[in-house]
Amino acid sequence: MDQVVVITGAARGFGFALAQAFMRAGARVVISDLHADAVAQAVEALAAIGPVRGWAADVRSLEQMRMLAQRTLQTWGRFDVWVNNAGLASPSGELVDMAPEDARRIWETNALGVFHGTKVALAHFLPRDQGTLVNIYGAGSFLRPHSPAGLYAASKAWITSFTRTLAKELRGSGVRVIGFHPGVMPTAMLTHVQVRGERGEERLRRVSWVLRALGRPPEVPARRLVELVAHNRKPFVEYRMLRPWHVVMGFARVLWARRRGTYQDVPLTVEVLPPHRVSLDDGQATDDIAML
């Protein structure tokens, strides 16, 4: 695979596994993440496989995404694949307990980050009439309710709608669009979490067995995505790693383990934050707001 691949949010977890998979297929890879020290450690680990570069960049900033693209072009003259992988799932909690800053942070990272990455990728792809843009789906992408991860799920639903609309608008442009759902992975995003309120914590711990039933190492979906990029030439592809038979088999394994007394939950590190509340009793309404 003689291609240059840019992956955001790739210092650890699925993004790191994806960088490994692309490099083992022969690609040159550029990774980015929020913290420079984490990027440096990841680049050092990946360098044993092949050519790799990395820079700290915040997907919430269009200018930082533009600089990431520019540095890639200065290094290798082009990029062929851009993967909008950076995402944030924490804090979680029941929606009534979430704070406005939680919603803003998740939205700006997951949704606005994809928008920014897409903008800079297309600035390079469209003049060349070629390129592959990959957006990473997640829980909520197909409009099923996901408590206590409602904010995260809503952001992923937005990404699905955005990706489908983008694919329609880019039809005939030479740019391929891939929406890829990697399934459930026991990475730090899901095992080291913040949650607001006791009810959110209870919900989180009740669904922790899903990680045991459905979780697969990130290397598995990473290899599959590399195969899609390398061999599927359709202009728009949506792919889900988690299929109905995986769910049935996973739940059956958990039930069998419980029956035999060998079942163990996936360990979770949970920080409980206070629920956010809006008070309507701390003052009297004034006439400054026009009443309709």
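Worth pointing out:
- All positions within the range 181-193 that are surrounded by 17 or more Cβ atoms within 10 Å (Cβ to Cβ), touching a residue at least 60 places away in the same chain (Cβ under 8 Å) and not in a helix (DSSP H, G or I): His181, Pro182, Gly183, Met185, Pro186, Thr187, Val193
Yes/no matrix, rows are residues, columns are (1) touching a strand residue (DSSP E or B) at 6+ places or on another chain (Cβ under 7 Å); (2) under 17 Å from Val5 (Cβ atoms); (3) of a type outside the set (Phe, Trp, Tyr):
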{"position": "Arg66", "(1), (2), (3)": "no, no, yes"}
{"position": "Trp76", "(1), (2), (3)": "yes, yes, no"}
{"position": "Phe79", "(1), (2), (3)": "yes, yes, no"}
{"position": "Pro91", "(1), (2), (3)": "yes, no, yes"}
{"position": "Glu101", "(1), (2), (3)": "no, no, yes"}
{"position": "Glu108", "(1), (2), (3)": "no, no, yes"}
{"position": "Val114", "(1), (2), (3)": "yes, yes, yes"}
{"position": "Thr118", "(1), (2), (3)": "yes, yes, yes"}
{"position": "Val134", "(1), (2), (3)": "yes, yes, yes"}
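- Residues located in the range 125-153, provided they are at pLDDT 95 or above and surrounded by fewer than 19 Cβ atoms within 10 Å (Cβ to Cβ): Leu126, Pro127, Arg128, Asp129, Gln130
- Trp245 vs. criteria in a helix (DSSP H, G or I), within 26 Å of the chain's Cα centre (by Cα) and exposed (fewer than 14 other Cβ atoms within 10 Å of the Cβ): yes
- Criterion (in a strand (DSSP E or B) and closer than 21 Å to Leu88 by Cα) met by exactly one of Val237, Val210, Val270, Val266: Val270
- Verdict on Arg277 being outside any loop (DSSP other than H, G, I, E, B) and basic (Lys, Arg): no
- Restricting the range 248-263 to residues that are in a loop (DSSP other than H, G, I, E, B) and either in contact with a Pro (Cβ under 6 Å, 6 or more places away or on another chain) or free of Cβ contacts under 8 Å to residues at least 24 places away in the same chain (or both), the residue that is farthest from Val220 (Cα to Cα): Gly261
- Candidate set from the range 6-29 (those that are charged (D, E, K, R) and farther than 23 Å from Asn110 by Cβ); member that is surrounded by the most Cβ atoms within 10 Å (Cβ to Cβ): Arg28
The values are calculated or read from the model by the stated rules, or taken from the named source; none is laboratory data. Quantities reported herein were computed from a predicted structural model and do not represent experimental measurements. Backbone-built Cβ (ideal geometry, glycine too); neighbour counts: all protein chains shown.
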